[in-house]
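J.: The structure that follows is given in the form of C-alpha cells.
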Amino acid sequence: MDFYSQNREDLTSEWGRLGVSQAHVRTIMAGAYKKLSSCPWAEATPPRLLKNWLDEHAQVLKVERSKIQVSMYDSSVKFLFKLADGYEVESVLMPESSRITICLSSQVGCAQGCIFCFTGKMGLKRNLRASEILIQVIEANRWIEENANWLKALNLPSFQRITNVVFMGMGEPLDNLNEVTKAISIMKDPWGLNLAARKITISTAGHLDGLKAALESMPNISYALSMHATSESERSKLMPINRRFPLGDILDFLREKSKSYEKDFLIQYTVIHNVNDSLEDAAMLAQLLADINVKVNLIPLNPIEPSRLNSPDPKRLEAFRDFLYEKGIRVMIRYSKGQDIMAACGQLVTNRLPS
Ligand code: SF4
C-alpha cells in the first residue's frame, strides 16, 4: 500500500477489516500530515494486528531533495525532487505577507506543448501518483520547519506552514485528474493537511472535459484558466490544446457555470510583446469575459530560450490593464516570483532522465 495515496476513506475501509478504530486512523494521519513523521505510525501505538500489517504491506514514499534554490529577490524557494524511479519534478514555495503558497507539479513533463513553456518542451514522461503530489507539500513543510530563519526574515510566525496550493507547476493537472483529486481530498481533510478548499487552485491550459469533471466532483476549490489569447487561431498557435478544446467552447462553459458557481474563475493571461498586448486584444478580452465571473491576472512573459517571444513593454502592459479596469474587470499585473532561480511561470523543467 502506497500510504500517502490513501485518503481517510481508503484507510478506514482497508484497516476497518483489521478491527482498527477511527481514532487510530486519525492518529496515524496526524503523524503523517501534522507531525510530518517519516514513519507516521511510529508514535501511534497501533494494535498488534495493524502494526504487523503496516510493517508488511505499507510503503511510506520518500523523495530526495536533489536541489534547493532560494531567490535573493523575493525569498521564493525552488525544490527539485528526485522520485524513486529517477525522474525529477519541481515545486516552488512563494511566501507573501500572511500566506505561503506552493506551486505543485502534477506530471513529469507535459503533453500540451505550449510554445512559451519550458516544461512543454520536455514532452510528457509520466503522471504523478497522489503520493508523489502530496510529498511535495510534506517535504516543503519539513523544509520550512528546518529553516526557522527563512520564516523569521519574512516576519512570519514560527508555526507557519503552507496555506495555499496551486497546481501550476509541471504538467496539465486535468490530464491526471484521478490522482490530483485523491491528493486534494487529503489536502482538504481536517485529519490530513487541513487546507481550506478555496485555497486550492487547479490551473488548466483549457482541458474542457477535465474541467467539467473536476467542477462536478470538486465544486468548492478554485479554478484558473490559462487563456493567453483572444482569437482561436492565435491561441492554437500558442497552445496546441486549443485545437482539441476551442476557447469559445470553454468560455461558453464558464459563462453557463457563472450562474451557479459561487467563486470567480481566475483568468491568466500571459502578455507577450507584439503578440497579444495591443489595446485591440484588451478590447476583445473584455468582450469575451463580459458575462463571466472572473478575476484576470496579467503575467508579463518570462522569456525562454530558444523561443522568439519576448516580455511586453511596461507602458503597453499598464495601458492594457487600465483598459480592462475601465471596462469593469477586476485585473492585476502579477510579476512571477523566483525569476533569478528559474522558478517563474513556464520556466520549470528537468532534463534528467532515470539513470
Ligand atoms: S503551460 Fe502548462 S499545460 Fe502548457 S506546456 Fe506548460 S505545463 Fe503544460
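Quick note: the coordinates plus some simple rules give every number you see, no bench work behind them. Since this is a predicted model, take the numbers as computed values, not measurements. Note that each Cβ is placed from the backbone with ideal geometry, even for glycine, and that neighbours are counted across all protein chains shown.
J.: For segment 3-57, what are the per-bin percents of Cα-Cα distances with bins 5 Å wide, up to the bin holding the maximum?
T.: 4, 21, 35, 31, 9, 0
J.: For a distance above 27 Å, tell me the whole-number percent of Cα pairs in segment 95-254 that qualify.
T.: The calculated P(r) of segment 95-254 puts 29 percent of pairs beyond 27 Å.
J.: Then there's this: Determine, for each peptide in 189-199, 109-119, 153-163, the mean count of other beta carbons within 10 angstrom over its residues, then list the peptides with the highest first.
T.: Highest mean packing first, the order is 109-119, 189-199, 153-163.
J.: Then there's this: Sort GLU172, GLU318, GLU234 by Cβ crowding within 10 Å, fewest neighbours at the top.
T.: The fewest-first ordering by Cβ neighbours comes to GLU318, GLU234, GLU172.
J.: Picking from ALA44, LEU11, ILE28, whose Cα lies most toward the positive end of the charge dipole for segment 1-54 (charges on Cβ: Lys, Arg +1; Asp, Glu -1)?
T.: ALA44
J.: Quote the charge dipole size of segment 64-341 about the Cα centre in Debye, to the nearest 20; the model charges only the Cβ of Lys and Arg (+1) and of Asp and Glu (-1).
T.: Roughly 340 debye, rounded to the nearest 20.
J.: Here is a further query. So what are the three principal axis dimensions of segment 123-187 from its Cα atoms, in whole Å, longest to shortest?
T.: The Cα atoms of segment 123-187 stretch 38, 26, 16 Å along their principal axes.
J.: Highest mean first, what order results for 325-335, 278-288 on Cβ atoms within 10 Å?
T.: Highest-to-lowest ranking by the protection proxy: 278-288, 325-335.
J.: Just want to confirm a number: the relative contact order over the chain, from Cα pairs under 8 angstrom separated by 6+ residues, in percent.
T.: 17
J.: Amide H of VAL294 versus every other amide H placed in the peptide plane: which residues, excluding those fewer than 5 positions away on the same chain, fall under 5 Å?
T.: PHE265
J.: Can I ask one more? Positive end of the dipole of the chain, charges at C-beta (+1 Lys, Arg; -1 Asp, Glu), about the Cα centre: which of LEU156, ILE184, TYR223 has its Cα farthest in that direction?
T.: Highest projection toward the positive end goes to LEU156.
J.: Using alpha carbon centroids, what distance separates segment 288-321 and segment 65-135, in Å?
T.: Result: 23 Å between the Cα centres.
J.: With N set to the number of residues, divide the alpha-carbon radius of gyration of segment 1-123 by 2.2 N^0.38 Å and report two decimals.
T.: 1.35
J.: Please arrange LYS259, LYS212 by how many other C-beta atoms lie within 10 Å of their C-beta, fewest to most.
T.: LYS259, LYS212
J.: Same structure, new question: Under unit Cβ charges (Lys, Arg +1; Asp, Glu -1), what dipole magnitude, rounded to 20 debye, does segment 157-256 have relative to its Cα centre?
T.: 320
J.: Could I ask something else about it? Assuming R0 = 35 Å, what is the FRET efficiency of TYR73 and ASN220, from their Cβ-Cβ distance, to the nearest 0.05?
T.: Efficiency, rounded to the nearest 0.05: 0.55.
J.: Report the label-to-label distance for ILE115 and MET284 in nanometres (one decimal), using points 7 Å from each Cα along the Cα→Cβ vector.
T.: Result for the modelled spin labels: 1.5 nm.
J.: Determine the alpha carbon to alpha carbon distance for each of LYS121/LYS182; LYS257/LYS295; LYS212/LYS337; LYS182/LYS259 and list only those over 23 Å.
T.: LYS121/LYS182; LYS212/LYS337; LYS182/LYS259
J.: Counting only DSSP beta bridges with both residues in the chain, what percent are antiparallel, rounded to the nearest 5?
T.: Taking every DSSP beta bridge within the chain, about 45 percent pair in antiparallel fashion.
J.: Mind checking the alpha-carbon convex hull of the chain and giving the volume per residue in Å³?
T.: 139
J.: Separate question: How do HIS24, HIS228, HIS273, HIS57 line up, fewest other C-beta atoms within 10 Å first?
T.: Going from sparsest to densest Cβ surroundings: HIS57, HIS273, HIS24, HIS228.
J.: If R₀ is 41 angstrom, what is the calculated FRET efficiency for the pair ALA319 and CYS39, using the beta carbon separation as r and rounding to 0.05?
T.: Efficiency, from the Cβ-Cβ distance: 0.10.
J.: State to the nearest 20 debye the size of the charge dipole of segment 208-309 about its Cα centre, where the only charges are +1 on K and R beta carbons and -1 on D and E beta carbons.
T.: With only Lys, Arg, Asp and Glu charged at Cβ, the dipole is about 180 debye.
J.: Next question, about the same structure. Among ALA286, THR119, ALA319, which residue has its Cα furthest toward the positive end of the charge dipole of the chain, with +1 on Lys/Arg Cβ and -1 on Asp/Glu Cβ?
T.: THR119
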